[in-house]
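This report refers to the structure that appears directly beneath it.
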Amino acid sequence: MHAVIAFLMLVQAPVLQKDGLQFKDLNRNGVLDPYEDWRLSPELRAQDLVARMTLEEKAGAMMHGTARSVGGPMASAGMGGQYDTAAIRALIDSVKVTNLITRLSTDPRTLATQNNVLQAIAERTRLGIPVTISTDPRNHFQYVPGVSSQTTFSQWPEALGFAAVDDTALTRAFGDIARQEYRAVGIHMALSPQADLATEPRWPRVAGTFGEDADLAGRQVRAYVIGFQHGANGVDSTGVVTVVKHWVGYGAAKDGWDSHTYYGRFATFSGDNLFYHVRPFLGAFAAHVGGVMPTYSVLEHATWDGKAIEPVRAGFNRQLLTDMLRTHYGFQGVILTDWAITWDCAERCKNGAPAGERPSFADVGMPWGVEDLTMRARFVKAVQAGVDEFGGTERADLLDDAVRAGELSEARLDSSVVRILTQKFAQGLFEHPFVNPDSAARLVGNPRFVAAGLDAQRRALVLLENKGRLLPLKSGRALRVYLLGISADAATHEGWTVVADPLKADVAIMRLTAPFERLHPQYVFGQFFHEGSLAFKDGDPDFEAFKRVSAVVPTIVTVYLDRPAILTPLQGKARALIANFGVSDAALIDVLTGRARPQGKLPFELPSSKEAVATQRSDVPHDSSRPLYPFGFGRSY
């Protein structure tokens, strides 16, 4: 640690004294340049800095690359415990990248220290432009490779859980806590929230949404942005830029397939329903959200202003980005593409890996609708559509070449880079890019934050059934419990006796997960997406265990609903049935015993059958025929 601190002191920029104040001499020219003068507005500083940048530096600033790690098969994707500083130095020095996603999974002190090293590399460059470090969500239960395999950050329900509680003060409080944790470790941008609507129940990305109702989602999205950005007036020096996604219509996934994949590249609309999917984004715009990420999807049968929308994914679509987002809704922030939209989609991308071969991320590309364009032409079309920043690529050379060939103007790049740099100045990164690793270790996951997350987990539980008023379980009673998916330690801590034979139990407590299928294992994303049927099937080990146990002992079941499962087979057999959107054993037991009460209401309908799911329209909410549990359902005690 001491060696790292000494290194940072060595590389930090010189300090200039003027009018009794201190300023960093980032370009080391001995003069206080306007971009170095923190008394000026972020916009003026950004304009001055852009005027000093080379074309190569501007193109690099429009890339959002990956912070590589060392060791392991996924090091190139940044998954590991330590950065590959040599590889990252090459990106910063040679490609001129100033935006990186981190996927490190390590303790807060180490993460803060590692991020400081990146900033030290950046501060030694010609203009001393700091790195914006982004991340996918780190505070929930759903597994996200590289960011959710550790639990040192405070742990909260999925977005669906906040929708179930529908308390905007709670969502703002979560955002504020996550903001503090992110900034403590040197993370400045949240690639969230999802304003997508879960109108297609089979879609694999439902868990990241606030459900299917546009008004509910809009309230929650606004509160989320305010919490993360530290207010409703845009990001400030302690805020985290939020990137609301995915503009627009992603949740209307055709047949439930996801548009990360060639077979799922379409979202389909019936009638004039696109505006319904726009509505949650209005909450983000009202809170002056910093970024918008366009959807991968090609919108089928959708119109805007009476015109059919071009059949290309949103990152290439001028109607969606310039006509709608910029002109009609007045968005002034950064448009950051989702990952890999300029990459090629070759044979294995389109048809999957051959039998007997494992798919690879090298197969991945998502240039939907522009597959026949060259990679450089894709960059040009995206910029002309309105894109400012490209996610998951570092091919700045192609933008540079396009300008030199007259395919784009340098002034067009300038407008994007000014937006990107304005946010860096507003966040105070030019003055304070480094963080204190010891402070990070004390703040991240501290007892107050953890307690707040646990309280949210409890409140988000949705009680669906409570036959014979089985719940709450009587306190002080020495229960014999049979468990599935629940820690024995959590039960014994409660004073219960754990038994291996359900016939010897007073009650069974079982965790189940919403059903899914692996229908496309030959595709990279098909390996881990939850696709296909939402129905429990005979032969599934956990479902078989539930049938066996519930036949002989009163059974409490909680189901993790990452998608709207068909709970009909459970309804008649479970004595108590609870929907969860991410809950720890401790928080669950608090609710089972009555120390806390379930407060959640369903943020989507739960269908009654596969046939009902098949007849739903992908773009329409609340249209399941005779739902088993309607939107907004939830009991308490």
Read through the list (1) under 30 Å from residue 603 (Cα atoms); (2) outside any helix (DSSP H, G or I), then give the number of the only condition that residue 477 fails.
(1)
Number of the condition not met by residue 8 [criteria: (1) over 27 Å from residue 411 (Cα atoms); (2) at pLDDT 95 or above; (3) surrounded by 14 or more Cβ atoms within 10 Å (Cβ to Cβ); (4) among the hydrophobic types (A, V, I, L, M, F, W, C)]:
(2)
Got at least one residue in the range 446-460 being loosely packed, with under 15 Cβ neighbours inside 10 Å, more than 23 Å from the chain's Cα centre (by Cα), farther than 30 Å from residue 337 by Cα and at pLDDT 95 or above?
yes
Might you let me know whether the range 207-218 holds any residue that is closer than 29 Å to residue 115 by Cβ and touching a Ser or Thr at 6+ places or on another chain (Cβ under 8 Å)?
yes
Any idea which residue in the range 514-547 is farthest from residue 362 (Cα to Cα), counting only those that are touching a strand residue (DSSP E or B) at 6+ places or on another chain (Cβ under 9 Å) and either free of Cβ contacts under 8 Å to residues at least 12 places away in the same chain or of a type in the set (A, V, I, L, M) (or both)?
545
Counting only residues that are modelled with pLDDT of 95 or more and either open to solvent by 30 Å² or more (accessible area, probe 1.4 Å) or of a type in the set (D, E, K, R) (or both), the range 572-608 contains a total of 12
Extreme residue, farthest from the chain's Cα centre (by Cα), among residues of the range 50-71 that are farther than 16 Å from residue 424 by Cβ and crowded, with 21+ Cβ neighbours inside 10 Å:
59
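This table checks each residue for (1) open to solvent by 10 Å² or more (accessible area, probe 1.4 Å); (2) under 16 Å from the mean Cα position of the chain (by Cα).
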{"site": "171", "(1), (2)": "no, yes"}
{"site": "174", "(1), (2)": "no, yes"}
{"site": "183", "(1), (2)": "yes, no"}
{"site": "194", "(1), (2)": "yes, yes"}
{"site": "205", "(1), (2)": "yes, yes"}
{"site": "211", "(1), (2)": "no, yes"}
{"site": "229", "(1), (2)": "no, yes"}
{"site": "232", "(1), (2)": "yes, no"}
{"site": "236", "(1), (2)": "yes, no"}
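Which residue is nearest to residue 471 (Cα to Cα), if the candidates are limited to the range 601-622 and must be of a type outside the set (A, V, I, L, M, F, W, C) and without any contact (Cβ under 8 Å) to a residue 24 or more places away in the chain? Spell out the reasoning first.
Of all residues in the range 601-622, those of a type outside the set (A, V, I, L, M, F, W, C) come to 601, 603, 605, 607-611, 615-619, 621-622.
Checking the rest, the ones that are also without any contact (Cβ under 8 Å) to a residue 24 or more places away in the chain come to 611, 615.
Details: 611: 33, 615: 36 Å.
Within the range 601-622, the match that is nearest to residue 471 (Cα to Cα) is 611.
When you check residue 468 against the structure, is it closer than 27 Å to residue 198 by Cβ, at pLDDT 95 or above and open to solvent by 50 Å² or more (accessible area, probe 1.4 Å), yes or no? Let's see the steps before the verdict.
Numbers: closer than 27 Å to residue 198 by Cβ: no; at pLDDT 95 or above: yes; open to solvent by 50 Å² or more (accessible area, probe 1.4 Å): yes.
For residue 468, the condition - closer than 27 Å to residue 198 by Cβ, at pLDDT 95 or above and open to solvent by 50 Å² or more (accessible area, probe 1.4 Å) - is not met.
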Of the residues that sit in the range 206-230 and are out of contact with any Phe, Trp or Tyr (no Cβ under 7 Å at 6 or more places or on another chain) and among the β-branched types (Val, Ile, Thr), which one is nearest to residue 241 (Cα to Cα)?
225
When you scan the range 481-501, do you find a residue that is free of Cβ contacts under 8 Å to residues at least 12 places away in the same chain, of a type in the set (Ser, Thr, Tyr), more than 30 Å from residue 176 (Cα to Cα) and open to solvent by 60 Å² or more (accessible area, probe 1.4 Å), even just one?
yes
Helices (runs of 4 or more DSSP H) contained entirely in the range 528-637, each with at least 2 residues that are basic (Lys, Arg):
541-550
Taking interchain pairs and intrachain pairs at least six residues apart, which have beta carbon atoms under 8 angstrom, with the first residue in the range 80-94 and open to solvent by 40 Å² or more (accessible area, probe 1.4 Å) and the second assigned to a loop (DSSP other than H, G, I, E, B) and among the hydroxyl-bearing types (Ser, Thr, Tyr)?
82/106; 93/125
For the range 363-420, give me each residue that is under 22 Å from residue 67 (Cβ atoms) and either among the hydroxyl-bearing types (Ser, Thr, Tyr) or in contact with a Phe, Trp or Tyr (Cβ under 6 Å, 6 or more places away or on another chain) (or both).
365, 366, 391, 392, 393, 398, 399, 416
Test: residue in the range 23-34 that is assigned to a strand (DSSP E or B), over 21 Å from residue 136 (Cα atoms) and either in contact with a Cys (Cβ under 7 Å, 6 or more places away or on another chain) or not basic (Lys, Arg) (or both):
yes
Among the residues of the range 270-282, count how many are at pLDDT 95 or above and either open to solvent by 10 Å² or more (accessible area, probe 1.4 Å) or of a type in the set (S, T, N, Q) (or both).
4
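For the range 534-550, check the following and say yes or no: at least one residue is over 26 Å from residue 161 (Cβ atoms), small (Gly, Ala, Ser), touching a Ser or Thr at 6+ places or on another chain (Cβ under 9 Å) and open to solvent by less than 60 Å² (accessible area, probe 1.4 Å).
Within the range 534-550, the first condition is being over 26 Å from residue 161 (Cβ atoms), and the residues that meet it are 537-539, 541, 544, 547-549.
Now restrict to residues that are small (Gly, Ala, Ser): 539.
Within this subset, residues satisfying the condition of being touching a Ser or Thr at 6+ places or on another chain (Cβ under 9 Å) are none.
Looking through the range 534-550, none of the residues is over 26 Å from residue 161 (Cβ atoms), small (Gly, Ala, Ser), touching a Ser or Thr at 6+ places or on another chain (Cβ under 9 Å) and open to solvent by less than 60 Å² (accessible area, probe 1.4 Å).
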So which of 325, 321 ends up being part of a helix (DSSP H, G or I), under 30 Å from residue 523 (Cα atoms), out of contact with any Ser or Thr (no Cβ under 8 Å at 6 or more places or on another chain) and open to solvent by less than 10 Å² (accessible area, probe 1.4 Å)?
321
Please find, among 134, 94, the residue that is within 30 Å of residue 584 (Cβ to Cβ) and of a type in the set (Gly, Ala, Ser).
134
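What helices (runs of 4 or more DSSP H) completely inside the range 338-452 contain at least 3 residues that are under 30 Å from residue 162 (Cα atoms), touching a helix residue (DSSP H, G or I) at 6+ places or on another chain (Cβ under 7 Å) and of a type in the set (A, V, I, L, M)?
Details: elements: 347-351, 375-385, 396-404, 410-426, 437-443.
Counting at least 3 such residues, we get 437-443.
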Could you list all residues from the range 25-49 that are within 30 Å of the chain's Cα centre (by Cα) and open to solvent by 30 Å² or more (accessible area, probe 1.4 Å)?
42, 43
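Rundown of residues vs (1) surrounded by fewer than 21 Cβ atoms within 10 Å (Cβ to Cβ); (2) modelled with pLDDT of 95 or more; (3) basic (Lys, Arg), yes/no style:
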site: 358; (1), (2), (3): yes, no, yes
site: 362; (1), (2), (3): yes, no, no
site: 366; (1), (2), (3): no, yes, no
site: 375; (1), (2), (3): yes, yes, no
site: 381; (1), (2), (3): no, yes, yes
site: 386; (1), (2), (3): no, yes, no
site: 391; (1), (2), (3): no, yes, no
site: 406; (1), (2), (3): yes, yes, no
site: 409; (1), (2), (3): yes, yes, no
Pick from the range 128-157 the residues that are surrounded by fewer than 20 Cβ atoms within 10 Å (Cβ to Cβ) and not β-branched (Val, Ile, Thr): which of them is modelled with the lowest pLDDT?
149
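The values are calculated or read from the model by the stated rules, or taken from the named source; none is laboratory data. Being a predicted model, the structure only gives us computed values, none of them experimental. Virtual Cβ from ideal backbone geometry, glycine too; neighbours counted across all protein chains shown. Only protein heavy atoms, including side chains, enter the accessible area calculation; ligands, DNA and RNA are left aside. Shrake-Rupley method; radii C 1.70, N 1.55, O 1.52, S 1.80 Å.
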